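Structure first, then comments.
Just so it is clear, none of the values below were taken in a lab; they were calculated from the coordinates. Fair warning: this is a prediction, and the values are worked out from it, not measured in the lab. Here the Cβ is made from the backbone with ideal geometry for all residues, glycine too, and neighbour counts use every protein chain on show.
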Amino acid sequence: MTEHVGSKYFRGKRLHGDYDIRVEQAEFKELSLIASADGGTTVSMAVFRNGTKVMRSFRPDFLLVRQNLRDAGEDNKNLLLGFKFGGVHSINTLHAIYNFQDKPWVFAHLLQLQRRLGKENFPLIEQTFYPNYREMKWLQTGSVANMKKPRPPSVRTPEVVGAFSSGLKIAPKIYLETIPASWFITDNVPLGAEVFAYETILLRA
């Protein structure tokens with residue numbers, strides 16, 4: 001397991017002079033846990049000793065989360081729920097991590113601030129939310145285009161969708177909950193356009 005440079009600052013340190021500080025580091029995929037209302041959370045972590053994978057169990061007192069909760073291949077929300085259920089504290093709060101799972105949810109809270117403070121005092125880039133790709137059949141900025149070829153295996157399932165305006169500028173972002181895995185850009189993309197194939201699908205006005 002790769003050691004983060006931050007752990008060296010806690011090595012050999014004691015809390016209030018009585019308690020040793022022990023730092024355990026792992027990715028979500030290396031963890032499993034059990035949580036109960038009375039016993040708290042017990043975490044099992046995969047480690048390698050002499051080339052053999054073994055599981056080590058412990059009860060964490062607090063966390064520092066430095067990894068996205070989910071990506072295109074994994075969703076680790078169940079671990080977050082287990083830490084919350086067991087009453088484990090976190091430096092970056094579990095409540096904030098949970099709320100930042102979905103970008104449209106975050107943007108909705110930003111819109112609440114904008115409505116209270118006014119657009120001039122709290123400007124935001126205009127965005128449109130669609131619950132699924134079927135609702136995007138016809139858009140005000142143009143129709144869906146260039147999405148016929150199978151997606152290469154190396155390209156992740158995209159989350160943010162951009163749109164080309166008539167002036168070949170990127171229009172406001174459009175967020176989707178689900179996008180068919182077979183969608184991918186095929187042709188008619190303007191020369192010199194910035195194409196983020198790993199994160200976006202482009203529409204043509």
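Values for this structure:
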quantity: Whole-Hz ³J(HN,Hα) from phi, Karplus 6.51 cos²θ - 1.76 cosθ + 1.60, for the stretch 15-21, glycine and proline x; calculated: 8, 6, x, 10, 10, 5, 9
quantity: Virtual spin-label span in nm between Gln127 and Leu69, 7 Å along Cα→Cβ; calculated: 1.6
quantity: Residues Glu120, Glu74 arranged by fewest to most Cβ contacts within 10 Å; calculated: Glu120, Glu74
quantity: Loop-resident sites, the stretch 1-66, for GluC sites (Glu not before Pro), counting at most 12 other Cβ within 10 Å (DSSP); calculated: Glu3
quantity: Contour excess over end-to-end distance, with Cα ends at Asp18 and Asp38 and 0.36 nm allotted per residue; calculated: 4.7 nm
quantity: Directionally averaged shadow of the stretch 5-99, computed from the convex hull of its alpha-carbon atoms, nm²; calculated: 7.8
quantity: Per-residue HN-Hα couplings for the stretch 43-49 [Karplus 6.51, -1.76, 1.60; θ = phi - 60°; Hz; x = Gly/Pro]; calculated: 9, 10, 10, 7, 10, 10, 10
